[in-house]
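I have placed the structure first, in the form of C-alpha cells, so that the comments after it can refer back to it.
Every number in this text was worked out from the coordinates using simple rules, so none of it is lab data. Not measured: the values here are computed from a predicted model.
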Amino acid sequence: MSNTNQLACPRVDIGGQAVMEGVMMRSPDAVAIAVRRPDGSIVVKRDDYVPLGKKHPLLGKPFIRGAVNMATMLVTGMNTLQDSTTMLGILDEEPTKFEKWLAKKLGKGVDKIVMAVAVVLAVFLSIGLFMAIPAGVESLCKSAGMSPVGYTLLGGVVKIAILIGYMAAVGFVPDVRRTFQYHGAEHKTVYCHEADLPLTPENAQRFTTLHPRCGTAFLLIVFTISILLFLVLNVVLPISNYFLRVLFHLLMLPIVAGVSYEVLKGLAHSESKVAKILRWPGLQLQRLTTRQPDSKMLECAIVAMNVALNGMPSHCERTPEGWGRLHSYRESDPDYVPEDENA
C-alpha cells in the first residue's frame, strides 16, 4: 500500500490500545504490552489470548459479538492499564497505613483495590454523562411539549456534544496528551503491518493516525445508532418516567453495541463512496484522541506488534518479574541476530 492515506483495512488480525508510556497490541492468539521506562529501555510482556468467540462459538456470532467485545475490552482495557503502570514501576511506592489496612481487610493488593474503584467510578461517570444527562434533557423537552422526534434528536445531540467536549478537555492534560501520541503510534504501526512493510519508525511514520477500526469511531457509531434506535422506540413506546428512561437506555446498550460493531466492521472494509462518507465523521473525531507520535513512541508500538505476532525474543534480557527488556526496537524483529552471534 503506497498511499499513506489509504483507509481500507483488508487485515483485521491486529488491534491495539495506547497505555501509559506504551502500547498494547493484540494478535489472534496473544496480547503484548510494551512500555518505555525512564532509563530508555523498553519493557515488554506477552500473554496468550483466546477470544470468547472461539471458546463459545455462540458469542462470536454477528450482532452478539459486538456486545461481548465491548464488555471484554472494558475488562481487558483496565487490566492492560494496570499492567502497564506496574511495568513502569510507578506502583512501587510504599503503601500508606490506610492502604495496608484496606488491603488486609479486603484480602487484595492495593493496586487491585484502586483499579476496582476506578472501574466503578468510570462506569458511574459514563452512565451519568452519556445516559442520565441526555435522558434528563429529553424528559424536560417532553414535559415542555416537544415531539418524540424533537426531544430524541436533541438528547442525541447533547450526548454527542458531551462526548466531543470530554475528549477535547482531557487532551489538555499532559499525561493524556502523551497517551494520545501513543494512540497515534498504535494506528501508524497497524497500518504499516497491514501494508506488509518492514516495521520501522520511518515506514510507520508515513501513515495517518486515523484508523477506521478505532474505538473512538466505534463510540460515535454507538451514539448514532442509539439515536436512530430511540427515535423509533420513543415514537412507538414513549416513556415519561425519567428513571425508567435511563434504565431503558442502559438495557438497550448491548443491542446498540451489537449493531454498531457490525456497522464498524462493514465500513472499515468497504471502499464504496457511501462507506467513505459514513466513516468520515468517526475518522475526524480521532483527531481529538490521537496525536502525531515521535520515533521513540513508534518503537514501543513496533515492539508490541512484533512480540504479539512472533513471540518474546529468546535473546532478550529478563527483568526479575520475567518481562523482556529491550534496548532497541530492532531486537524484537524475528530476524534480529545479536551482535555476538554475528562475530
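Over 24 Å between C-alpha atoms is what I'm after, so list which of Lys61/Lys276; Lys61/Lys265; Lys45/Lys188 land there.
Numbers: Lys61/Lys276 26 Å; Lys61/Lys265 13 Å; Lys45/Lys188 21 Å.
Lys61/Lys276, as the Cα separations exceed 24 Å there.
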With Rg from the Cα atoms and Rh as the Kirkwood inverse mean 1/r over Cα pairs, the chain has an Rg/Rh of 1.00
Which angle between 0 and 90 degrees, to the nearest 10, do you get for helix 273-285 versus the longest principal axis of the chain when only C-alpha atoms count? 80
How far, in degrees from 0 to 90, does helix 133-143 lean away from the longest principal axis of the Cα atoms of the chain, to the nearest 10? 10
